[in-house]
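All remarks here apply to the structure that follows.
The values are calculated or read from the model by the stated rules, or taken from the named source; none is laboratory data. No experiment lies behind these values; they were computed from the predicted model shown. When we count neighbours, we look across all protein chains shown, and the Cβ atoms used for this are built from the backbone with ideal geometry, even at glycine.
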Amino acid sequence: MNILLLQAFGNPDAASYEKFIEKIWLLWPSCTLEQLAELTPSRHSVTIINNLNDSRLKKMDFSDYELAGISYFTATAYRAYNMADMLRKCGVKVVLGGYHASALPEEAKRHADAVVVGEAEMLWPELLEDAEKGRLKPFYIQSKPIASRQIPCAAGINRSLSPVGGIEATRGCINHCEFCSISHSPMGSRLRLKPMEKVIGAIENLPHDYFIFMDSSLNLNPAYSKKLFREMKGLDKKFACFFNANIAEDEELVKLASDAGCIACAIGFESISRSNIDHLSKKTNDVSKYGDVVKKLHEYGIAVMSSLVFGLDGDMPDVFDTTLEKLSEWDVDSAGANILTPLPGTSLFSRLEREKRIFTIDWSKYDLYHVVFRPRNMTPEELYRGTKLFIKRFYRASGIAGRLISSLRLGWYPFLSMLEHNVTSRLIYNSVFKPA
Ligand code: SF4
């Protein structure tokens with residue numbers, strides 16, 4: 001069969017400037033489709049397209065394909081459905097999967113011949129056989145997380161033209177934060193560690209000198225990560241990864257990460273309020289230690305990209321100003337700010353729905369940059385404007401310049417990485433935060 005694997009990223013109706021911004025987003029790699037391609041028997045041919053604005057799509061004759069698999073998340077659900085409807089009109093059988101499809105499979109089925117619920121890897125061979133025989137089942141369900149040895153470790157084969165590679169060494173998370181779709185889905189509720197030799201082999205095969213570990217966090221299992229970092233020493237790669245906020249408690253791990261080539265990490269600080277963190281059940285975060293965490297990572301030449309959420313139940317209208325002050329005090333190198341979003345399938349969605357605080361289920365607004373629920377201590381407009389102003393102030397030119405000068409002391413690579421991250425964040429946030 002000719003198989004088309006698509007990620008429903010990119011808005012075909014966007015203005016050219018926004019399409020340019022989407023290309024920047026796509027520098028963040030995704031391993032999902034490559035890993036499915038790796039599990040596809042060689043008698044089939046696979047085309048991977050990670051962006052609905054990819055020019056190859058315009059030139060394609062879809063009737064050349066027998067099967068299409070589309071992966072999507074909540075904010076891109078309508079784009080996935082439009083694409084699926086169009087492909088089905090051309091006679092292509094369509095399979096939908098991903099976090100949103102797993103949370104709302106019946107909704108997905110209205111636009112697909114089959115829906116994959118949960119992780120696709122174990123189901124994929126059976127699904128391909130059924131497609132070949134013309135008898136796809138409506139649902140393929142993987143209700144429990146699959147074993148680590150069953151997850152392939154793609155080596156960036158589809159990204160040789162991109163400057164950034166992507167690797168997934170572990171999958172899932174042991175935490176259970178209220179808003180997180182990873183830990184609430186059948187795909188992510190358990191941490192799986194891929195065999196070390198597979199991961200090292202994939203890193204060695206990467207055509208890139210710089211890559212990103214796409215794992216939820218590389219300090220969930222310190223023993224595994226220490227072994228990984230020890231084995232990476234000498235590979236001469238630079239990388240960024242995600243850590244939880246308790247990373248600095250294990251200085252040996254920080255040192256090994258740095259020796260292995262870690263130049264930047266993203267940390268979900270989420271909030272500067274202890275009660276907000278307790279409410280989220282994020283046990284790895286101790287707000288009183290955030291400054292020490294940044295300091296420890298800086299000592300080892302690792303830049304810190306902090307990630308924050310606004311609109312939590314304890315947030316008052318002054319949260320934006322106080323957070324800005326704290327970020328400056330802690331000396332973070334960049335910040336991501338998201339509006340709290342109750343993604344389907346999460347405990348947050350169930351709770352806010354129970355409390356009748358969700359006022360729209362227009363999925364296109366579930367992109368972390370729109371307000372879709374009534375916050376407890378401010379109006380939706382205050383939350384939107386406050387987040388927008390926070391971003392504007394954090395990414396003003398003088399703020400970027402100050403952080404970059406400061407990041408120079410971390411070394412040339414962290415500086416370049418933060419130059420890219422600050423400049424692209426400013427462009428991206430200016431593009432996504434439009435007038436309410
Ligand atoms: S630590 Fe991160 S990945 Fe794990 S549940 Fe919390 S937000 Fe999700």
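What to note about this one:
- Filtered by the rule that a residue be more than 12 Å from the ligand (Cβ to nearest atom) and either outside the structural domain of A248 (by TED's automatic domain parsing) or within 10 Å of A169 (Cα to Cα) (or both), the range 209-223 gives a lone residue, F213.
- Among the residues making up the range 182-193, those that are in contact with a Pro (Cβ under 8 Å, 6 or more places away or on another chain) and either among the basic types (K, R) or within 11 Å of the ligand (Cβ to nearest atom) (or both) are G188, S189, R190, R192.
- Of the residues making up the range 164-175, one or more are surrounded by fewer than 18 Cβ atoms within 10 Å (Cβ to Cβ) and either at pLDDT 90 or above or closer than 30 Å to R351 by Cβ (or both).
- Residues being without any contact (Cβ under 8 Å) to a residue 60 or more places away in the chain and within 16 Å of the ligand (Cβ to nearest atom) - total across the range 226-247: 6
- Selection within the range 14-51 - part of a loop (DSSP other than H, G, I, E, B) and modelled with pLDDT of 75 or more: C31, L39, T40, P41, S42, R43, H44, N50, N51
- Restricting attention to the range 143-161, the residues that are under 19 Å from D215 (Cβ atoms), part of a loop (DSSP other than H, G, I, E, B) and at pLDDT below 80 add up to 5.
- Among the residues of the range 203-249, the one identified as under 24 Å from I182 (Cα atoms), charged (D, E, K, R) and in contact with a helix residue (DSSP H, G or I) (Cβ under 8 Å, 6 or more places away or on another chain) is K226.
- Checking each residue in the range 265-321 for being more than 16 Å from N219 (Cβ to Cβ), outside any strand (DSSP E or B) and within 16 Å of the ligand (Cβ to nearest atom) picks out S271, N276, I277, D278, H279, L280, S281, V287, G311, L312.
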